[in-house]
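No lab work stands behind these numbers, since they all come straight from the coordinates. Small disclaimer: the values here were computed from a predicted structure and weren't measured. We place every Cβ from the backbone using ideal geometry, glycine too, and count neighbours over all the protein chains shown.
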Amino acid sequence: MKLEIARGVFLAGALAVASLALVVWEQPRTQVLSAVQGEHCPLPRVAKSTTAARPDHDLLLFMFGMSQGLKPQS
């Protein structure tokens, strides 16, 4: 097989893979969640939680402290 033909086949294959990746790439759109749709806000499709989430108060305190540390000291 000639080098030019091999390059052409490789280029066509690379474009096919890139096109297929672009087609199957799913990125969520920006949207506003409202309570009109139901009593609770809808969860994304990828969220698979079977138990109720409880906040970790130590983590919340840590995040608050980190956000306060980012403010200027002036």
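I want to check the label-to-label distance for Val9 and His57. Put each point 7 Å from Cα in the C-beta direction and report it in nm to one decimal.
Going from the Val9 label point to the His57 one covers 6.8 nm.
Taking R0 as 35 Å, what's the FRET efficiency between Val23 and Met1 from their Cβ-Cβ distance, rounded to 0.05?
Details: r = 29 Å, r/R0 = 0.84.
My answer for the efficiency is 0.75.
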